[in-house]
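Data block below; observations after.
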Amino acid sequence: MIQPGERAPDVPFALGDVGSGKISDYLGRPLVLYFYPKDDTSGCTREALDFTALAGEFADAGVQLLGVSRDSLDSHRKFAAKHGLKVTLASDEDGALCEAFGVWVEKNLYGRKYMGIERATFLIDADGKVAKVWRKVKVAGHAEAVLAAAKALGD
């Protein structure tokens, strides 16, 4: 599991119109990297809308936002358009980024075990080191807590 102080894994992922990206592409400014289970589900939509509502404040603080799930880029485009999202969404269809950050985990729903993405957020500083980690995220109030931590990076 990735811990604060460690360098963020530099694993490639699919990214909208530019084709692909990796964490090192974001060096120079802090990055909020949040993992979520599935496009257009209630909790994931709420989380994306919460980050979208604060996107201007993140930008004013010089912080980049990147949401990641294993959904396709086409699914991301539809999700973003449907809800007017202002957060960049990356696709990790092969699961390499999820594995590298330790968020591909066994889950349990009504006694049924399956593998899925743990809702987690990583605040990565401008040098590419993990500054803060939130695991098993509860959506309510999370974007605000991440914004506060991101702003504190500059202090």
Residue list for the stretch 19-66, filter: more than 24 Å from Trp104 (Cβ to Cβ) and more than 14 Å from the chain's Cα centre (by Cα): Leu27, Gly28, Arg29, Ala53, Leu54, Gly56, Glu57, Ala59, Asp60, Ala61, Gly62
Only one residue in Val105, Val87, Val11 is among the β-branched types (Val, Ile, Thr) and free of Cβ contacts under 8 Å to residues at least 24 places away in the same chain, so which one is that? Val105
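Does the stretch 84-115 hold any residues that are of a type outside the set (Val, Ile, Thr) and surrounded by 16 or more Cβ atoms within 10 Å (Cβ to Cβ), and which are they? Show your work before the answer.
Of all residues in the stretch 84-115, those of a type outside the set (Val, Ile, Thr) come to 84-86, 89-102, 104, 106-115.
Of everything in the stretch 84-115, those that are of a type outside the set (Val, Ile, Thr) and surrounded by 16 or more Cβ atoms within 10 Å (Cβ to Cβ) turn out to be Leu85, Lys86, Leu89, Ala90, Ser91, Asp92, Leu97, Cys98, Ala100, Phe101, Gly102, Trp104.
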Please count how many residues of the stretch 1-18 are open to solvent by 40 Å² or more (accessible area, probe 1.4 Å) and not in a loop (DSSP other than H, G, I, E, B). 3
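In the stretch 50-75, which residues are of a type outside the set (Gly, Ala, Ser) and open to solvent by 10 Å² or more (accessible area, probe 1.4 Å)? Break it down into steps so the answer makes sense when it comes.
Taking the stretch 50-75 first, the residues of a type outside the set (Gly, Ala, Ser) are 50-52, 54, 57-58, 60, 63-66, 68, 70-71, 73-74.
Within the stretch 50-75, Asp50, Thr52, Leu54, Glu57, Asp60, Gln64, Leu65, Arg70, Asp71, Leu73, Asp74 qualify.
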Can you pull out every residue in the stretch 21-49 that is charged (D, E, K, R) and open to solvent by 30 Å² or more (accessible area, probe 1.4 Å)? Lys22, Asp25, Arg29, Lys38, Asp40, Arg46
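The values are calculated or read from the model by the stated rules, or taken from the named source; none is laboratory data. Just so it is clear, the structure is predicted and the values come from calculations on it, not from any experiment. With ideal geometry, Cβ positions are generated from the backbone for all residues, glycine too; neighbour counts draw on all protein chains shown. The area values use the complete protein model at the heavy-atom level, side chains included, leaving out ligands, DNA and RNA. Shrake-Rupley method; radii C 1.70, N 1.55, O 1.52, S 1.80 Å.
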